[in-house]
1. Consider segment 27-78. How many of its residues are among the polar types (S, T, N, Q), under 23 Å from V140 (Cβ atoms) and in a helix (DSSP H, G or I)?
2. Of the residues that make up segment 4-15, is at least one surrounded by fewer than 19 Cβ atoms within 10 Å (Cβ to Cβ), of a type in the set (K, R) and under 30 Å from R138 (Cβ atoms)?
3. Within the set of pairs 6 or more residues apart or between chains, which connect a residue that is in the same structural domain as L143 (by TED's automatic domain parsing) and surrounded by 14 or more Cβ atoms within 10 Å (Cβ to Cβ) inside segment 172-185 to a residue that is of a type in the set (K, R) and modelled with pLDDT of 75 or more with Cβ atoms less than 9 Å apart?
4. Does segment 31-73 hold any residues that are on the phi > 0 side of the Ramachandran plot and either loosely packed, with under 14 Cβ neighbours inside 10 Å or in the same structural domain as G148 (by TED's automatic domain parsing) (or both), and which are they?
5. Kindly establish whether L103 is in a loop (DSSP other than H, G, I, E, B), out of contact with any Ser or Thr (no Cβ under 7 Å at 6 or more places or on another chain), modelled with pLDDT under 85 and surrounded by 15 or more Cβ atoms within 10 Å (Cβ to Cβ).
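The values are calculated or read from the model by the stated rules, or taken from the named source; none is laboratory data. This structure is a prediction, so every number in the text was calculated from the model and none was measured. We place every Cβ from the backbone using ideal geometry, glycine too, and count neighbours over all the protein chains shown.
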Amino acid sequence: MCSPGLHRDEKTLVELAQQGDSAAFGEIYDRQVSTVYRYAYTLLGNRSEAEDLTAEAFLHALQAIRRYRWTGRPLSSWLLTIARNLGINQLRRKQRTKEILRLVPVTTPGDPPELGSAPDVNIQECRRAILSLDPVDRNVIILRFVLGLDYPQVAQVLGKSVNNVRVMQYRALRRLREKLAPAASADLASKTSLGSAAPRIPAPRAARHP
């Protein structure tokens with residue numbers, strides 16, 4: 001999580017951006033573009049589409065910044081909410097049901113025992129299982145285990161309570177285990193884990209600020 005000092009600095013940047021300071025919004029962009037792009041790429045699985053979605057998300061943020069109300073939560077939560085809404089709309093328009101997620105969730109410090117390392121779990125099986133999850137389950141896994149957001153941040157992005165997010169995560173992981181091969185599922189029943197680190201996400205090409 002960000003430190004309180006960084007939160008205060010973000011608040012200052014937001015206030016300046018709301019007054020029309022383009023340099024302040026440019027600094028917000030520089031700080032947050034990597035996080036938004038990682039989310040977009042994980043959701044769409046395509047570099048060009050992820051770059052377009054990232055640019056569109058920041059354009060929407062620029063247009064809406066004057067209406068943004070500081071709550072003390074990281075600004076990334078608001079930006080990820082915008083990216084999520086745009087991304088889901090894009091997926092619905094294209095009616096995409098395959099090749100949406102190309103990453104295997106990775107663990108972060110402090111993760112619950114649901115995720116870890118399971119040498120008997122085939123990575124390709126895990127990827128296929130993730131591909132078959134519905135958008136709600138995919139989003140929970142992306143936000144929690146790819147971006148490493150904490151429960152309150154995920155709750156803000158999804159518009160749910162923290163308790164609801166915990167339940168959603170439990171159900172998503174349970175469904176993922178059920179979709180894995182029987183042998184892996186038997187192993188996961190005791191170890192409840194997903195596997196090794198995800199492939200590297202290609203960096204976005206250099207882009208100008210919105």
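1. The qualifying residues number 7.
2. No, every residue in segment 4-15 fails to be surrounded by fewer than 19 Cβ atoms within 10 Å (Cβ to Cβ), of a type in the set (K, R) and under 30 Å from R138 (Cβ atoms).
3. Cβ pairs passing all conditions: A172/R138; A172/R144; A184/R177; S185/R177; S185/K179.
4. Residue satisfying the conditions is G72 alone.
5. Details: in a loop (DSSP other than H, G, I, E, B): yes; out of contact with any Ser or Thr (no Cβ under 7 Å at 6 or more places or on another chain): no; modelled with pLDDT under 85: yes; surrounded by 15 or more Cβ atoms within 10 Å (Cβ to Cβ): yes.
No, not satisfied.
For every residue, the table says whether it meets (1) farther than 22 Å from E178 by Cα; (2) modelled with pLDDT under 90; (3) under 16 Å from the mean Cα position of the chain (by Cα).
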| position | (1), (2), (3) |
| --- | --- |
| V33 | yes, no, yes |
| L44 | yes, yes, yes |
| A64 | yes, no, no |
| W78 | yes, no, yes |
| L86 | yes, no, yes |
| N89 | yes, yes, yes |
| G116 | no, yes, no |
| L131 | no, yes, yes |
